[in-house]
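Here's the structure, in structure tokens; my notes come after.
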Amino acid sequence: MSRESLAELERRYAVRQSELEPRVFYRLTDNWVEMSVRFVTEEHGVRKVKDAMSRDILDGFDTARISIASGTYDVVGMPELHVTVK
């Protein structure tokens, strides 16, 4: 990036040049680990970059035999429902 672009990035987003390296942030939730990625890329083509990153991550999970879990809920005790059409 040019010096001018870096200066504008620092001004606009209050981020230092030393903080621009790609980084993964972890957050523990009540039942999983949430990861978010911060990275700088060109203005256009972000979707393509995110797609490539996601595919690489999924390939890495597959290689390491790590499966992705999701929350599953079973609704029980639902009261009887009556529908009237007028």
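Let me confirm something: among GLU8, GLU43, GLU4, which residue is more than 14 Å from the chain's Cα centre (by Cα) and either among the hydrophobic types (A, V, I, L, M, F, W, C) or in a loop (DSSP other than H, G, I, E, B) (or both)?
GLU43
Give me the residue from region 11-47 that is surrounded by 11 or more Cβ atoms within 10 Å (Cβ to Cβ) and in contact (Cβ under 8 Å) with a residue 12 or more places away in the chain and, out of that set, farthest from ILE57 (Cα to Cα).
Top of the filtered list is LEU20.
Only residues that are at pLDDT 90 or above, aliphatic (A, V, I, L, M) and under 24 Å from SER18 (Cα atoms): list them for region 36-86, please.
Matches in region 36-86: VAL37, VAL46, VAL49, MET53.
Quick check on my filter: what residues within region 48-77 are in contact (Cβ under 8 Å) with a residue 12 or more places away in the chain and more than 19 Å from VAL24 (Cα to Cα)?
Within region 48-77, ALA69, GLY71 qualify.
For residues that are surrounded by 10 or more Cβ atoms within 10 Å (Cβ to Cβ) and more than 23 Å from MET35 (Cα to Cα), tally how many sit in region 57-86.
The qualifying residues number 0.
Restricting to region 11-28, count the residues that are within 12 Å of VAL40 (Cα to Cα) and either of a type in the set (Lys, Arg) or assigned to a loop (DSSP other than H, G, I, E, B) (or both).
Residues in region 11-28 being within 12 Å of VAL40 (Cα to Cα) and either of a type in the set (Lys, Arg) or assigned to a loop (DSSP other than H, G, I, E, B) (or both): 5 in total.
Which residues, counting only those in region 1-10, are surrounded by 10 or more Cβ atoms within 10 Å (Cβ to Cβ) and not small (Gly, Ala, Ser)?
Scanning region 1-10 gives MET1, LEU6, GLU8, LEU9, GLU10.
The values are calculated or read from the model by the stated rules, or taken from the named source; none is laboratory data. What you are looking at is a predicted structure, and each value in this text was computed from that prediction instead of being measured. In this analysis, Cβ positions are derived from the backbone assuming ideal geometry, glycine residues included, and neighbour counts consider all displayed protein chains.
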